[in-house]
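K.L.:
Here it is: the structure, laid out below.
The values are calculated or read from the model by the stated rules, or taken from the named source; none is laboratory data. These figures come from a predicted structure and were not determined experimentally. Cβ: placed from backbone, ideal geometry, glycine included. Neighbour counts: every protein chain shown. For accessibility, only protein heavy atoms count, side chains too; no ligands or nucleic acids. Shrake-Rupley method; radii C 1.70, N 1.55, O 1.52, S 1.80 Å.
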Amino acid sequence: MENYQKILREDFMKFFRDTEKLNELTPDDRVEIFRTILLGSCDFSKDLLNEILGDYCVDNLEVIDRKNGEK
């Protein structure tokens, strides 16, 4: 395992909220973070996915809740 400096939550959040620092991340870094940051299936909801699609101006996809038949 690589040696790394332990960072505090506050340091991470400060980095995360700093656009200049975020621009240092590669596209692959961003995908890795996006894919792994949530804890599990309970974090995903129709509303969250629709918000993300809206935030990224993705208008060719829609989320359907199979349990309720809602779009």
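K.L.:
Under a point spin-label approximation (7 Å from Cα along Cα-to-Cβ), what is the Asn68-Leu53 distance to one decimal in nm?
P.N.:
1.5
K.L.:
I would also like to ask the following. Using only Cα atoms, what is the ratio of the radius of gyration of the chain to 2.2 N^0.38 Å?
P.N.:
1.45
K.L.:
Gain in length, Ile37 to Glu24, computed as 0.36 nm per residue apart minus the alpha-carbon separation, to one decimal in nm?
P.N.:
The Ile37-Glu24 span can extend by a further 2.8 nm.
K.L.:
List the aspartates and glutamates whose Cα sits under 20 Å from the Cα of Lys14, skipping any in the same chain fewer than 8 residues away.
P.N.:
Within the straight-line cut-off, Lys14 pairs with Glu24, Asp29, Glu32.
K.L.:
Counting only heavy atoms of protein chains, what accessible area per residue, in Å², does the stretch 15-71 have with a probe of 1.4 Å?
P.N.:
Solvent-accessible surface per residue comes out at 95 Å².
K.L.:
Roughly to the nearest percent, how much of the accessible area of the chain is carbon and sulfur, given a 1.4 Å probe?
P.N.:
52
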